[in-house]
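Read through the structure below, which is laid out as structure tokens, and then see the notes.
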Amino acid sequence: MFRKFCETIYPIPGLETAVEVLRPGAKWDMDVSGHQQGKSLFTRWEDDQNREPPTWNEIEEEVLRERRIYDWFEWERQRERLYPDWRDQFDMLYNDIKSGNIENGTWIAAIEKVKREVPKPEGDVPN
């Protein structure tokens, strides 16, 4: 599972996402409870490239990597919750355009308020 933000696509951490990242295109079913009992994690594994299923350690490491990326994008999810509804934003923008107040109107003020409250972290997205 992945989330799209602007042109960026980032993983939503989890076992299924990890397997998809580690072995793209493979088809599989898994049973975590079986793994906990010492059985294979995968109840079905089909891979046109004849790759072996990922190990539990590979999956755990990938989930941790995904978690670091997901946590870095927390600012984006917080902003999404705080921004006014898009219908309200269109109304603000319409009124700002009609009044000739584009540069410092209500829409700009509402968006800038959220950006100040929830700043984007500095630095690059973790690997």
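Every number in this text was worked out from the coordinates using simple rules, so none of it is lab data. Not measured: the values here are computed from a predicted model. Note that each Cβ is placed from the backbone with ideal geometry, even for glycine, and that neighbours are counted across all protein chains shown.
Add -39500 (n - 2.57) for each DSSP H run of 4 or more in the chain, then divide by its residues: what number comes out at 222 nm, to the nearest 500 deg cm²/dmol?
-15000 deg cm²/dmol
Sorted by packing (mean other beta-carbon atoms within 10 Å per residue), highest first, where do 120-126, 67-73 land?
Details: 120-126: 9.6, 67-73: 15.4.
The peptides rank, most packed first, as 67-73, 120-126.
Explain nothing, just the number: relative contact order of the chain, from Cα pairs under 8 Å at least 6 residues apart, as a whole percent.
Normalised by residue count, the contact order of the chain is 22 percent.
To the nearest 10 degrees, how steep is helix 86-98 against the longest Cα principal axis of the chain, on a 0 to 90 scale?
Long axis of 86-98 versus the principal axis of the chain: about 30 degrees.
Once amide H atoms are placed 1.01 Å from N in the peptide plane, what residues at a sequence separation of 5 or more from MET30, or on another chain, have their amide H within under 5 Å of its amide H?
Correct list: THR43.
Can you find, among ALA26, ILE59, PHE2, the residue sitting farthest towards the positive end of the charge dipole of the stretch 1-62, where Lys and Arg contribute +1 and Asp and Glu -1 at Cβ?
PHE2
Among (i) 9.0; (ii) 10.9; (iii) 8.4, which is the computed mean projected area of the Cα convex hull in nm²?
(ii)
So if I take the alpha carbon set of the stretch 82-127, get Rg, then get Rh from the Kirkwood formula, what is the Rg over Rh ratio?
1.15
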